[in-house]
Amino acid sequence: MTTPRVLFWHRRDLRLTDNLGLAAAAAISPAVTGVYVLDPQVISPSEHLLPMAPARLWFLIESLIELQQRWRDAGSRLLVVEGDPVQLLPQLAERIAAEAVVWNRDVEPYARERDRQVAQRLQADGRKVVVDWDQLLIAPELLKTGGGDPYRVYGPFLRNWRGQVQAKQPVTVPAPAGLVDLDPAAVPSGEPLMARRDSHGFKGTELCPCRPGEAAAMQQLTSFCDGALFGYEPDRNFPGVVGTSYLSAALSVGTLSPRQAWSAAQEAREQARSEEQLHAIAVWEQELCWREFYQQALFHFPELSDGPYREQWRRFPWENNEDWFDFWREGQTGMPIIDAAMRQLNQTGWMHNRCRMIVASYLVKDLICDWRWGERAFMELEVDGDLAANNGGWQWSASSGMDPKPLRIFNPATQASKFDAAGDYIRQWVPELRHVNTKDLLSGEIGALERRDYPEPLVNHKTQQAKFKALYATIRS
DNA sequence: TTCAACTTACG
DNA sequence: GTAAGTTGA
């Protein structure tokens, strides 16, 4: 009698270490084969889904190439195929005679419907399907208010989440080893990965601060928790300072797990030498909670991805000036802090989170442009583009989301003065303004002579803010 | 049912 | 100080 074969389907968990689904698969049998499906719906521009940025495609491909090596080191292999998972997975399971197929759950509406169809077909063929949560510290079903409803507000969610995490004390599981490979005769032909490696179209692979692959993610985590984490608060606020983890892409494609991140933070707590440092660690832990808050929000309210959560925002009379939007996207608005941030994103695939809030507020509240245009633009450019986090962030900026709050209007000049006081960040990304004095650089009020070829400001913040408020008054109930 | 709380940021 | 009204206990 032969060992039963198990198929493990990687999706947003591109690692062997601390992969709960993979550990479950290896517990069934050492004869585990991995598969990743390059789904054209996900990796190519499509009508219904938000696009995947070239930067993210690069990160994905490189992470997969490393993952294949790790599978070989573990004794088995990772197959990479291209096509529709609903067709391909049942075919592959049949071909390798898999008794069980295992994967980790996702929160995105497209993924959930896809997974439902895949599971249905596999089960119809008599195969066992094993799925559970891996990409969240606490499963979304376990986080409910006293009334049994999902949370709509971050604060109460944080209290519940933190309590459950502390009670659970998340631990990581090791990578499987000594796996049993397929019979060579059963290995399907075709390998689309290397062809994709040179065709992702991303030019900023050297500049991007997020590094692909499981090993690089662990290195980044270790060095962050050894240094910048202790000063995370307040350093995280300053885009010109290396004060954040740059782990967003790794957490999004799953080259790093949230348990690994949490555990590293707990080890750092042991090393902390002051209340300030402990507080800084707590603030980073809260950022991990934001990630889970937005994922559980999308899980319980999938309609978030279709547009504004609050009904009245569906009738907001946006200006939607396409020229303004293009200037914003390219970093040519004439407001230096905005242009610096958008150029950082265009060139490196990544933007500092403080700047994401500033440019989002500017697009929505100053240019009076539909936040969904900005949501799509971010997904087209970001190495860490993630539906739940990106949609949550844009709805937050647009004031159309779940949190009860006043109308949030950032003053870009005030933001620049507070968080890039010396103008270092602006000068780095808008080099043609390096000669301009800091005061003018921050305010954006630059004389024609000094400005040279740099554009005049598209709009005046004060008048646009007044205009936005007037338009907002028309949709208030 | 009442009432505190709300990623603050702006002026 | 004020925004702005909804959430959650």
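The values are calculated or read from the model by the stated rules, or taken from the named source; none is laboratory data. Because the structure is predicted, anything quoted here is derived from the model rather than measured. All Cβ positions, glycine included, derive from the backbone under ideal geometry; neighbour counts span all protein chains shown.
Brief remarks on what is shown
- The helices (runs of 4 or more DSSP H) found entirely in segment A:1-113 that carry 2 or more residues being within 20 Å of A:Gly213 (Cα to Cα) are A:20-28, A:40-43, A:54-73.
- Matching residues, segment A:366-386, being within 16 Å of DNA strand B (Cβ to nearest atom) and under 12 Å from the mean Cα position of the chain (by Cα): A:Phe378, A:Glu382, A:Asp384, A:Asp386
- For segment A:17-42, the set of residues classified as under 25 Å from A:Gly190 (Cβ atoms), surrounded by 18 or more Cβ atoms within 10 Å (Cβ to Cβ) and under 20 Å from the mean Cα position of the chain (by Cα) consists of A:Asn19, A:Tyr36, A:Val37, A:Leu38, A:Asp39, A:Val42, listed by residue number.
- The residues of segment A:129-188 that are of a type in the set (Gly, Ala, Ser) and in a loop (DSSP other than H, G, I, E, B), listed by number, are A:Ala139, A:Gly146, A:Gly147, A:Gly148, A:Ala175, A:Ala177, A:Gly178.
- Scanning segment A:425-440 for any residue that is under 30 Å from A:Tyr294 (Cβ atoms) and surrounded by fewer than 16 Cβ atoms within 10 Å (Cβ to Cβ) turns up at least one such residue.
- Residues that are of a type in the set (Ser, Thr, Tyr) and either assigned to a loop (DSSP other than H, G, I, E, B) or under 16 Å from A:Thr172 (Cα atoms) (or both) within segment A:250-277 comprise A:Thr255, A:Ser257, A:Ser263, A:Ser274, listed in sequence order.
- Test result for A:Met357, under 17 Å from A:Ala55 (Cα atoms) and touching a residue at least 12 places away in the same chain (Cβ under 8 Å): no
- Cross-chain or 6+ apart pairs with Cβ under 6 Å, segment A:395-408 first and over 17 Å from A:Trp290 (Cβ atoms) and without any contact (Cβ under 8 Å) to a residue 12 or more places away in the chain, then more than 10 Å from DNA strand B (Cβ to nearest atom) and not in a loop (DSSP other than H, G, I, E, B): none
- In segment A:84-123, the residues that are surrounded by fewer than 16 Cβ atoms within 10 Å (Cβ to Cβ), within 28 Å of A:Leu298 (Cβ to Cβ) and not polar (S, T, N, Q): A:Asp84, A:Arg112, A:Glu113, A:Arg116
- Within the set A:Val130, A:Val153, A:Val165, the sole residue that is in contact (Cβ under 8 Å) with a residue 40 or more places away in the chain, among the aliphatic types (A, V, I, L, M) and away from DNA strand C (no atom under 16 Å from the Cβ) turns out to be A:Val130.
- Test: residue in segment A:368-385 that is part of a loop (DSSP other than H, G, I, E, B), under 17 Å from A:Leu345 (Cβ atoms) and of a type in the set (A, V, I, L, M): yes
- In segment A:411-423, of all residues being surrounded by fewer than 19 Cβ atoms within 10 Å (Cβ to Cβ) and in a loop (DSSP other than H, G, I, E, B), the one that is nearest to DNA strand B (Cβ to nearest atom) corresponds to A:Asn411.
- Here A:Trp103 passes the criteria (1) within 16 Å of DNA strand B (Cβ to nearest atom); (2) of a type outside the set (Val, Ile, Thr); (3) within 25 Å of A:Asp183 (Cα to Cα) except the one numbered (1).
- Among residues of segment A:128-171 being among the β-branched types (Val, Ile, Thr) and loosely packed, with under 15 Cβ neighbours inside 10 Å, the one that is farthest from A:Leu67 (Cα to Cα) is A:Thr145.
- The selection criterion, being under 30 Å from A:Ala31 (Cα atoms) and surrounded by 13 or more Cβ atoms within 10 Å (Cβ to Cβ), holds for A:Asp181.
- Of all residue pairs spaced 6 or more apart or on separate chains, those with beta-carbon atoms under 8 Å, a first member in segment A:220-239 that is not assigned by TED's automatic domain parsing to the domain that holds A:Ile358 and a second member that is part of a loop (DSSP other than H, G, I, E, B) and of a type in the set (Asp, Glu) are A:Phe238/A:Asp420; A:Pro239/A:Asp420.
- Failed criterion for A:Gln295 (all others in (1) at pLDDT below 95; (2) assigned to a helix (DSSP H, G or I) hold): (1)
- When A:Pro431 is tested against (1) touching a residue at least 60 places away in the same chain (Cβ under 8 Å); (2) more than 9 Å from DNA strand B (Cβ to nearest atom), only condition (1) is not met.
- Filtered residue count, segment A:143-157, keeping only those that are near DNA strand B (Cβ under 9 Å from one of its atoms) and either hydroxyl-bearing (Ser, Thr, Tyr) or under 19 Å from A:Ala167 (Cα atoms) (or both): 4
- Qualifying residue in segment A:199-217 (condition: within 18 Å of A:Ile65 (Cβ to Cβ) and among the polar types (S, T, N, Q)): yes
- Scanning segment A:398-410 for residues that are under 30 Å from A:Asp440 (Cβ atoms), crowded, with 17+ Cβ neighbours inside 10 Å and near DNA strand C (Cβ under 8 Å from one of its atoms) yields nothing.
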